Amino acid sequence: MKIRPIHLALLGLLAGMPHAHAIPLSLAVGADTSASDNGWGGGTSKADLVDNMASYYDTWAHGLAAWYNIGNFHVVLDFQRQITFNNVVAWWHRDVNGAAVPNIVDLQIWNDTLLAWDTVFSTTNAVASLGPYDDPTTWTSRPTSFAFQAVTTDRLRMVYDTNEIYQRSREHAWLHEVAVYNLNAAPEPTSIVLFGAGLFGLAWTKRRRDPQSARR
């Protein structure tokens, strides 16, 4: 599924907000988080992945860095309640041209009836949807936004391929935050104003890059 302009506008707003290391409140805050491997470095606390912080001013030891070339890496968020959402934003540690960002990503929800994971989103080119830096002065992140039809579940699993990263760039994956949103929910008045400003910014940027528009 392609990322639509409305989602890119959201990501642009995140980068332009004051205190950019704090992101809009995610439905995943405080979820019970686990992973298929402990990773290294920033893997000291899986809770870092759902603390609503995309970047950090104090130290690099946050989030979850996956080992090199280990195949499919699983990150599971247990919300401990049923929630409805249609957008997941993964914040990855900053690098050059997405070298440490996985291209192959699946998002899955737990099916209580079948006792199995159902895939609700899949992509083989996640790097193409990378958004702007959160805050270039910090141990910062860049987001990928995944949009799909609204689902209701108590558990989300993100699966990404570390083999693909290693073969492409000889890098590893380093995930800072997983944020979950329901973009169909009615926004607060302040959010409407900010979102409108983001849309205006997108249109202005597009106009500047369009030679025909510049001559009008």
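Data for the structure
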read-out: Val96-Leu115 pseudo-label distance in nm [points 7 Å out on the Cα-to-Cβ vector]; value: 5.0
read-out: Estimated inter-spin distance, Ala47 and Asn182, nm [label 7 Å along Cα→Cβ]; value: 2.6
read-out: Stretch gain in nm, segment Trp67-Asp37, where the contour uses 0.36 nm per residue and the Cα spacing is subtracted; value: 10.0 nm
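Here, each number is a calculation from the coordinates, and none is a lab measurement. Note that the structure is a prediction, hence the values are computed from the model and not measured. Quick reminder, even Gly has a Cβ in these numbers, built from the backbone with ideal geometry, and neighbours come from all protein chains shown.
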